[in-house]
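*Asks:* If you scroll down you'll find the structure; I have some questions about it.
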Amino acid sequence: KLEKFDVAVKDYVKASELDNKSPDHFYNAGRLYYKLGDYQQGLKMVSEATLLDPNHQPALQYKIFSLIKLADYQKAIIDCNRAIDLNKKNHMLFYCKGISLDSMNDFTNALTEYQTAIKIKPDFYKAYISIAKINLKTGNLDEALKIANEAVQKFPKETEVFLTRSMIFRQRTDYPNAINDLSQVLTLSPNDNEVLMTRGQYYFKFGQYQ
């Protein structure tokens, strides 16, 4: 699959050289660079697309994705605000703004953005996880667990919700429940070696606390 992306991105780059007035050529090249993990080159291409068309929403969104990957959160927030002005119904824009604020330790405003993302798209489980993790980081374990429980009930097929709740149980030194959640992850994703190792560590810790 990556090989196909690599071929495709070369074609789009060539197209952008032949027709440097089309934002779509730059956007498509940038999007594929992003998927290949070359965030710097991806940013360069989608930025060119937004220069040609400041209202090119897909290019602006991938510019935001790239800025977040490159940890340039201030610029990501600026572009999030621009993109939100163009489309206030796109939950990902509020979520990305939340990630940027969260990464800058502005947890109060990050929570607001995550909550807005959920209002727009109630089945967006990643926002629930992010809210739970903010409460975990700030030591509000009861609220973190409340949010995680809600996420598990709503999204029982998503491994990330069980992983997040397991982290919260671990922080509360509740190893039996942390182990149960990791076992549920392994039911959904049996070959996750990292989870197997973590569960083994939790079994060891549980033995120490008995």
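*Asks:* Could you state the angle between the C-alpha long axis of helix 159-171 and the longest principal axis of the C-alpha atoms of the chain, as a value from 0 to 90 degrees rounded to the nearest 10?
*Replies:* The helix 159-171 is inclined about 50 degrees to the chain.
*Asks:* Where in region 85-125 is the amide nitrogen less than 15 Å from a point lying 7 Å along the Cα-to-Cβ axis of K154?
*Replies:* Of the residues in region 85-125, 91-92, 95, 111-125 have backbone N under 15 Å from the label point off K154.
*Asks:* Ranking request for peptides 133-145, 192-204, 34-46: highest mean number of other beta-carbon atoms within 10 Å first, then the rest in descending order. Each step should come with its number before you reach the end.
*Replies:* Values: 133-145: 16.8, 192-204: 14.2, 34-46: 19.1.
Per-residue mean Cβ counts within 10 Å order the peptides as 34-46, 133-145, 192-204.
*Asks:* Cα gyration tensor of region 109-210, axes a ≥ b ≥ c as square roots of the eigenvalues: rounded (a/c below 1.5), prolate (a/b > b/c) or oblate?
*Replies:* Oblate, because a/c is 1.5 or more while a/b does not exceed b/c.
*Asks:* Within the set of other residues whose C-beta is less than 12 Å from the C-beta of K44, count the net charge using Lys and Arg as +1 and Asp and Glu as -1. Write down the numbers at each step before the final one.
*Replies:* Working: positive: K63; negative: D38, E48.
After counting each charged neighbour, the total is -1.
*Asks:* What is region 48-188 by shape, rounded, prolate or oblate, if you read a ≥ b ≥ c off the alpha carbon gyration tensor as root eigenvalues and call it rounded for a/c under 1.5, prolate for a/b larger than b/c, and oblate otherwise?
*Replies:* On the way: a/c = 2.47, a/b = 2.11, b/c = 1.17.
Cα axes put region 48-188 in the prolate bin.
*Asks:* Per the helix-only calculation at 222 nm, which mean residue ellipticity applies to the chain, given -39500 (n - 2.57) for every DSSP H run of n ≥ 4 and division by its residues, nearest 500 deg cm²/dmol?
*Replies:* -26000 deg cm²/dmol
*Asks:* Quick one: angle between helix 23-35 and the longest Cα principal axis of the chain, in degrees between 0 and 90, rounded to 10, please.
*Replies:* 30
*Asks:* Considering Cα pairs under 8 angstrom that are at least six residues apart, work out the relative contact order of region 135-174 and quote it in whole percent. Could the numbers behind the result be given before it?
*Replies:* Details: 20 pairs, mean separation 16.1, N = 40.
Computed over region 135-174, the figure is 40 percent.
*Asks:* Taking the Cα-to-Cβ direction at Q115 and at S183 and moving 7 Å from each Cα, how far apart do the two end points lie in nm?
*Replies:* Label-label distance for Q115 and S183, simple model: 3.6 nm.
*Asks:* Continuing with the same structure: Computing the accessible area with a 1.4 Å probe over protein heavy atoms, can you report the carbon and sulfur percentage for the chain?
*Replies:* On the way: 5720 of 11650 Å².
C and S atoms contribute 49 percent here.
*Asks:* What does the extension gain come out to for K205 and K146, with contour length at 0.36 nm per residue minus their alpha carbon separation? Walk me through the numbers before you get to the answer.
*Replies:* Details: separation 59, 0.36 × 59 = 21.24 nm, distance 2.41 nm.
Gain on extension, K205 to K146, equals 18.8 nm.
*Asks:* Just to confirm the number: angle between the C-alpha axis of helix 107-120 and the first principal axis of the chain, 0 to 90 degrees, nearest 10?
*Replies:* With both axes taken from Cα atoms, the answer is about 80 degrees.
*Asks:* Give the accessible surface of region 53-96 per residue, rounded to a whole number of Å², with probe radius 1.4 Å and ligands, DNA and RNA excluded.
*Replies:* Working: 2140 Å² over 44 residues.
Result: 49 Å² per residue.
*Asks:* Something else now. Mind giving me the FRET efficiency for M197 and S22? R0 is 45 Å, r the Cβ-Cβ distance, nearest 0.05 is fine. Let's see the in-between values first.
*Replies:* Numbers: r = 48 Å, r/R0 = 1.08.
Rounded to the nearest 0.05, the efficiency is 0.40.
*Asks:* Next question, about the same structure. Compute the accessible area per residue over region 148-210, keeping the other protein chains in place, probe 1.4 Å, unit Å².
*Replies:* Details: 3830 Å² over 63 residues.
Value for region 148-210: 61 Å² per residue.
*Asks:* Post the alpha-carbon centroid distance, region 32-54 to region 106-153, in whole angstrom.
*Replies:* Value for the Cα centre distance between the two parts: 30 Å.
*Asks:* Ok, one more. What whole-number value in Å² describes the accessible area per residue of region 102-141 for a 1.4 Å probe?
*Replies:* On the way: 1970 Å² over 40 residues.
Normalised by residue count, the accessible surface of region 102-141 is 49 Å².
*Asks:* Would you work out the charge dipole size for region 151-210 about its Cα centre, treating the Cβ of every Lys and Arg as +1 and the Cβ of every Asp and Glu as -1, and quote it to the nearest 20 debye?
*Replies:* Numbers: 7 positive and 6 negative charges, 36 e Å.
The dipole of region 151-210 has a size of about 180 debye.
The values are calculated or read from the model by the stated rules, or taken from the named source; none is laboratory data. Nothing here was measured: the structure is a model prediction, and the numbers come from that model. With ideal geometry, Cβ positions are generated from the backbone for all residues, glycine too; neighbour counts draw on all protein chains shown. Just so you know, the surface numbers come from the protein's heavy atoms only, side chains and all, with ligands and any DNA or RNA stripped out. Shrake-Rupley method; radii C 1.70, N 1.55, O 1.52, S 1.80 Å.
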